[in-house]
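Q: Shown below is the structure under consideration.
The values are calculated or read from the model by the stated rules, or taken from the named source; none is laboratory data. It should be emphasised that the depicted structure is a prediction, and the values quoted were computed from it without experimental measurement. Ideal geometry is used to build each Cβ from the backbone, glycine not excepted, and the neighbour counts take in all protein chains shown. In case anyone asks, the SASA skips ligands and DNA or RNA and just uses the protein heavy atoms, side chains included. Shrake-Rupley method; radii C 1.70, N 1.55, O 1.52, S 1.80 Å.
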Amino acid sequence: MSEKSVLEQNNFKFNKKFGQNFIFDKNLLNAIINDSGITKDDDVLEIGPGAGTLTRVIAEKAKKVVSYEIDTSLEPILKENLKGLSNSKIVFADALKTDIAEIEKHFDGNYHIVANLPYYITTPLIFKFVKQTKRVVSMCIMVQKEVGERLTSSNKQGDYGTISAILDFYGKVKILRQVPRHMFTPAPNVDSCIIQITFAKDKYDCNAEMYEKVVRSAFGNRRKTLANNLSKDFSCSKDLVYETLIELGFDQNVRGDALSTDDLVKITKNFDKKINK
């Protein structure tokens with residue numbers, strides 16, 4: 001019996017509240033796993049397994065897959081569709097609200113995340129794992145196309161902003177493939193893409209908390225200069241910020257969106273020393 005037939009047999013109703021858009025195309029499912037680089041040595045966390053179509057493909061490639069699903073009405077469907085798999089476990093809980101420590105009890109060491117994410121939890125979920133653990137090696141996730149473009153944008157591009165600069169600080173982000181809306185059931189109103197975040201938590205020798213404060217300030221008011229934003233948010237004089245910028249060879253009227261991650265790291269380190277003398 002096909003996965004779709006199991007849904008119909010159980011009279012499953014798609015719930016907009018959970019952002020449910022399932023994938024049944026086997027070629028696309030296999031492509032997602034091939035893109036992720038998952039091997040038989042890898043443990044995988046999946047968030048939002050839906051009907052279990054991606055779960056099964058992950059289980060065939062990985063050592064173990066643990067899937068978090070918020071919708072308990074999917075329990076009989078997942079039980080049927082994942083029948084025969086010994087390396088797959090479903091946890092019915094909200095991954096966004098579950099403590100990282102509780103999630104990581106399922107894994108002995110590092111792990112990967114592979115998911116067709118509900119769009120409404122994309123950004124908070126990425127930040128949850130970026131900020132709270134160093135055990136995630138990579139994330140290979142389906143996101144809304146516009147979100148993917150924003151996550152992977154660089155300075156001087158229109159979509160460049162806080163989340164782009166913060167993610168680039170922690171690793172490398174890239175779009176692996178575009179996924180048109182008709183590939184989903186039901187079809188969403190937007191196209192999607194698969195992005196991969198490969199983490200390198202010690203990519204920069206810089207205080208991460210201070211870096212994020214500087215970045216959030218830099219993009220807090222995009223119309224204003226970096227000096228204006230930093231002086232306001234850190235309650236310091238503009239002259240102090242000007243001193244930092246001039247020492248590093250930047251124009252004193254530079255705006256945040258003109259600065260790369262490397263630039264922002266240099267500014268953060270210099271500025272941090274000045275305000276914490």
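Q: Within the group Gly148, Gly158, which residue is out of contact with any Leu (no Cβ under 6 Å at 6 or more places or on another chain) and either assigned to a strand (DSSP E or B) or buried (at least 21 other Cβ atoms within 10 Å of the Cβ) (or both)?
A: Result of the check over Gly148, Gly158: Gly148.
Q: Still on this structure: Among the residues of segment 191-207, which ones are surrounded by 12 or more Cβ atoms within 10 Å (Cβ to Cβ) and at pLDDT 90 or above?
A: Matches in segment 191-207: Asp191, Ser192, Cys193, Ile194, Ile195, Gln196, Ile197, Thr198, Phe199, Tyr204, Cys206, Asn207.
Q: Which one of these does Ile90 not meet: (1) assigned to a strand (DSSP E or B); (2) open to solvent by less than 20 Å² (accessible area, probe 1.4 Å); (3) at pLDDT 95 or above?
A: Answer for Ile90: the failing condition is (2).
Q: I'm told Ile100 meets every condition in (1) at pLDDT 95 or above; (2) open to solvent by 30 Å² or more (accessible area, probe 1.4 Å) except one. Can you identify the failing condition by its number?
A: Ile100 satisfies every listed condition except (2).
Q: Which residues, taken from segment 214-246, are open to solvent by 30 Å² or more (accessible area, probe 1.4 Å) and either within 20 Å of Lys134 (Cα to Cα) or of a type in the set (Phe, Trp, Tyr) (or both)?
A: Result: Phe234, Tyr242.
Q: Among the residues of segment 1-59, which ones are among the small types (Gly, Ala, Ser) and surrounded by fewer than 19 Cβ atoms within 10 Å (Cβ to Cβ)?
A: Within segment 1-59, Ser2, Ser5, Gly19, Ala31, Gly37 qualify.
Q: Right, something else. From Lys83, Lys79, Lys145, Lys64, grab the single residue that is in contact with a strand residue (DSSP E or B) (Cβ under 6 Å, 6 or more places away or on another chain) and farther than 30 Å from Tyr211 by Cβ.
A: Criteria check complete, one pass: Lys64.
Q: Among (1) at pLDDT 90 or above; (2) part of a helix (DSSP H, G or I); (3) farther than 30 Å from Leu151 by Cβ, there is one condition Ser235 misses while meeting the rest; what is its number?
A: (2)
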